[in-house]
Amino acid sequence: MTNKFYKVLFNEGEWTCFASNKYGTTTYPAHSKGNREDSEFFSINPMTRQSTRAGDNVIAFRNILVEIDDYNDGSGIKKPVLPTQQLEWFEEVDLPYATLLWSGGKSYHAIISVEEGFTKEEYPNVVNAIFKVLSKNGIPNDTSVKDLSRLSRAANSLRMNTKQIQEIEDVRRRISRRELEDWLMRWDVTIETPKPPTPSTYTTGAN
């Protein structure tokens, strides 16, 4: 099952970061290193071979992480959402995830994987569109997980602070860009077109 998890997220020969803590930056072959199940975290998008974890080193903008945030029930104090409620929310919106993993703590991590991927400029708008669907349905998703090289919990590895296995709940498939756009349209959400860069009046070579 671990092998299937990484195969749906990464192509053969792709590299990504695996780490024992959230500060890790070293990259490894995604399939072989992931299957060893000895890393607590991995970065959700593939990176340049033998590079380090950084947004500038991401080579395919394919995967988007969805994670439920603590919920404010009106008391003014944020509280964790029950795992059963998290799964119910994902089912209610028919979230088109490729993988779903229990973090070994308090949340499920869902990753949507789009076959064609996106450009670096499109990616944040895609993430925002997905998050907008969740927000419209009252789902308190964690908006801090949108960066390109974000770490998520590694499949079937041991979470050190809880001593629980980060178990795979489900592995499905990548979806097409059209399927994602159709899902967004069901909730009356579209992906915004990236804004063109602001023209510069600076002329190179001038004193």
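The values are calculated or read from the model by the stated rules, or taken from the named source; none is laboratory data. Just so it is clear, the model here is predicted, and its values are computed rather than measured. Cβ placement follows ideal geometry from the backbone for every residue including glycine, while neighbour counts extend to all protein chains displayed. We work out accessible area using only protein heavy atoms, side chains counted, and drop any ligands, DNA or RNA first. Shrake-Rupley method; radii C 1.70, N 1.55, O 1.52, S 1.80 Å.
Contact list please: Cβ distance under 7 Å, first residue in the stretch 148-175 and within 21 Å of TYR23 (Cβ to Cβ), second residue in a loop (DSSP other than H, G, I, E, B) and of a type in the set (Val, Ile, Thr), pairs at least six apart or on different chains.
Hits for this filter: ARG150/ILE44; SER152/ILE44.
Mind listing whichever residues of the stretch 46-58 are more than 15 Å from the chain's Cα centre (by Cα) and of a type outside the set (Asp, Glu)?
Matches in the stretch 46-58: THR48, ARG49, GLN50, SER51, THR52, ASN57.
How about the stretch 94-134: which of its residues are small (Gly, Ala, Ser) and farther than 23 Å from ARG159 by Cα?
Once the filter is applied, which keeps residues that are small (Gly, Ala, Ser) and farther than 23 Å from ARG159 by Cα, the stretch 94-134 yields SER113, GLY117, ALA129.
Quick one: which strands (runs of 3 or more DSSP E) lie wholly within the stretch 108-176 and hold at least 3 residues that are in contact with a helix residue (DSSP H, G or I) (Cβ under 8 Å, 6 or more places away or on another chain), open to solvent by less than 30 Å² (accessible area, probe 1.4 Å) and not β-branched (Val, Ile, Thr)? Write out each step before concluding.
Working: elements: 108-118, 151-153, 168-171.
So the answer is 108-118.
Just give me the residues in the stretch 55-66 being open to solvent by 10 Å² or more (accessible area, probe 1.4 Å) and either at pLDDT below 95 or in contact with an Asp or Glu (Cβ under 9 Å, 6 or more places away or on another chain) (or both), in sequence order.
Result: GLY55, ILE59, ALA60, PHE61, ARG62.
How about the stretch 76-102: which of its residues are among the hydrophobic types (A, V, I, L, M, F, W, C), open to solvent by 60 Å² or more (accessible area, probe 1.4 Å) and closer than 18 Å to ASN137 by Cα?
So in the stretch 76-102, the residues among the hydrophobic types (A, V, I, L, M, F, W, C) come out as 77, 81-82, 87, 89-90, 93, 95, 98, 100-102.
From what is left, the residues that are open to solvent by 60 Å² or more (accessible area, probe 1.4 Å) are 77, 82.
The one that is among the hydrophobic types (A, V, I, L, M, F, W, C), open to solvent by 60 Å² or more (accessible area, probe 1.4 Å) and closer than 18 Å to ASN137 by Cα: LEU82.
Under 6 Å between Cβ atoms, at least 6 apart or on separate chains: pull out the pairs that start in the stretch 110-124 with a residue that is of a type outside the set (Gly, Ala, Ser) and end on any residue that is modelled with pLDDT of 95 or more and surrounded by fewer than 16 Cβ atoms within 10 Å (Cβ to Cβ).
Going by the 6 Å Cβ cut-off, the qualifying pairs are VAL114/ARG177; GLU115/SER176; GLU116/ARG177.
Residues to consider are LYS78, LYS106, LYS7; find the one that is among the basic types (Lys, Arg) and at pLDDT 95 or above.
On the way: LYS78 fails: at pLDDT 95 or above; LYS106 fails: at pLDDT 95 or above.
Exactly one residue qualifies, and that residue is LYS7.
Would you check if there is a residue in the stretch 31-54 being in contact with a Pro (Cβ under 8 Å, 6 or more places away or on another chain) and crowded, with 16+ Cβ neighbours inside 10 Å?
So far as the stretch 31-54 goes, no, none of its residues is in contact with a Pro (Cβ under 8 Å, 6 or more places away or on another chain) and crowded, with 16+ Cβ neighbours inside 10 Å.
Quick one: which strands (runs of 3 or more DSSP E) lie wholly within the stretch 1-68 and hold at least 3 residues that are farther than 23 Å from ASN161 by Cα?
27-29, 61-67
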